[in-house]
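Let me begin by presenting the structure, written as structure tokens, before commenting on it.
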Amino acid sequence: MGSPYGDLERPPLSRRSLERALLVPGGLWRRLDIRAETGSTNADVTEAARSGEPEGLIVVAEQQIAGRGRRDRTWTSPPRAGLTLSVLLRPAEVPSRQWGWLPLLAGVALREAVHRITELDAALKWPNDLLVHDAKCAGILAEVVEDGVVVGIGLNVTTRVDELPVVTGLPATSLQIAGAKSTDRDPLLKALLRSLAQWYSGWREAGGDAEMCGLLGAYRRGCSTIGRDVRVERPAGGDLVGAAVDVDADGQLVIRTADGRDNRVSAGDVRHVR
């Protein structure tokens, strides 16, 4: 009898094990939907959110064929080579001006999970790219939908060199290429979603105050952009060049330019200048 999946090095996720570990009474996660293939997990969760889906939905795709990154860049994933997922959060008690912290919060949770399972020294490039050995291993995209936020995460796990996406501004990598101790996606997904739920709970209880719940400090410790010379391509046009000196309480990147002025950036593509 043939294998139920084509690549023996890339087994499918175990729905039963994941549901048993994640869908616990009183926990954040309420429903897990694992799809063999989808266009975009963010689009799937957005549709569910608009239909009144409560908080706690997780949609995971074994293969994503029409995903979107920041600035509508495409993000595709080979079958079972990574973790491609989106979750629905509805932080009603947190002022919406603080919701911009959610993709950064997801970055902190992802970095923790990757370090715990793979023992790799991962870092965050502001605002929410995960780097390993200065190469991009994951991206995060958050979108506000109705009275909720859809947070999408795409992580290269066993992606091979010839399968890596073309990334503007820096090379791409995967956990396997970077020398991960383990590339088992089940414990990695469990660790990610548990860490995400823990940080989200603390942030929500603090009313979105990232400093009070420890999120700001954790992000600063894990952010490799701080202390680097950077070039920021801003959405409105015009590059900003200087030294990244901090991330403030609102999650903005603070860039000190040659004239000694501190500029706060809330959105833009950051490139580390070597």
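The values are calculated or read from the model by the stated rules, or taken from the named source; none is laboratory data. These figures come from a predicted structure and were not determined experimentally. All Cβ positions, glycine included, derive from the backbone under ideal geometry; neighbour counts span all protein chains shown. All accessible areas refer to the heavy atoms of the entire protein, side chains included, with ligands and DNA or RNA removed. Shrake-Rupley method; radii C 1.70, N 1.55, O 1.52, S 1.80 Å.
A few points about this structure:
- Loop-located GluC sites (Glu not before Pro) in the stretch 95-194 (DSSP state not H, G, I, E or B) with no more than 14 neighbouring Cβ atoms inside 10 Å: E119, E146.
- GNM result for the chain, Cα springs below 10 Å: residue of V232, V60, V114 fluctuating most strongly: V232
- Charge dipole of the chain about the Cα centre (unit charges at C-beta), most positive-ward option of G148, V232, P187: P187
- This model, with +1 at the C-beta of Lys and Arg and -1 at the C-beta of Asp and Glu, gives the stretch 108-207 a dipole about its Cα centre of some 240 debye.
- Note on D248 and D162: the model spin-label points, each 7 Å out from Cα along the C-beta direction, lie 4.9 nm apart.
- Cα gyration tensor, the stretch 37-181 - rounded (a/c under 1.5), prolate or oblate: prolate
- Taking one quarter of the surface of the convex hull spanned by the alpha-carbon atoms of the stretch 122-274 gives a direction-averaged projected area of 10.6 nm².
- Nearby aspartates and glutamates by direct alpha-carbon distance to K181 (threshold 18 angstrom, same-chain neighbours under 8 apart not counted): E9, E112, E119, D121
- For D186, D250, the ranking by accessible surface with the largest value first comes to D250, D186, using a 1.4 Å probe.
- Summary value for the stretch 218-271: 30 percent relative contact order, contacts being C-alpha pairs under 8 angstrom separated by 6+ residues.
- Percent RCO, i.e. relative contact order, over the chain, from Cα pairs under 8 Å lying at least 6 residues apart: 16 percent
- For the stretch 115-168 versus the stretch 237-265, the spacing of their alpha-carbon centroids is 23 Å.
- When the charge dipole of the stretch 85-232 is built from unit charges on Cβ atoms (+1 for Lys and Arg, -1 for Asp and Glu) and taken about the Cα centre, the candidate among L120, G169, L104 whose Cα reaches farthest toward its positive end is L120.
- Helix content alone sets the calculated 222 nm mean residue ellipticity of the chain: runs of n ≥ 4 DSSP H residues at -39500 (n - 2.57) each, divided across all residues, give -7500 deg cm²/dmol.
- Fraction of beta bridges assigned by DSSP in the chain that are antiparallel (%, nearest 5): 85 percent
- Gyration tensor (alpha-carbon) shape descriptor, the stretch 193-274, a/c threshold 1.5: prolate
- Projected label distance in nm at R221 and R261, using a 7 Å step from Cα toward the beta-carbon: 3.5 nm
- When only the Cβ of Lys, Arg, Asp and Glu is charged (+1, +1, -1, -1), the dipole of the chain relative to its Cα centre reaches about 340 debye.
- Over the chain: Rg over Rh, Cα atoms, Kirkwood Rh: 0.96
- Normalised by 2.2 N^0.38 Å, where N counts its residues, the alpha-carbon radius of gyration of the stretch 118-171 equals 1.30.
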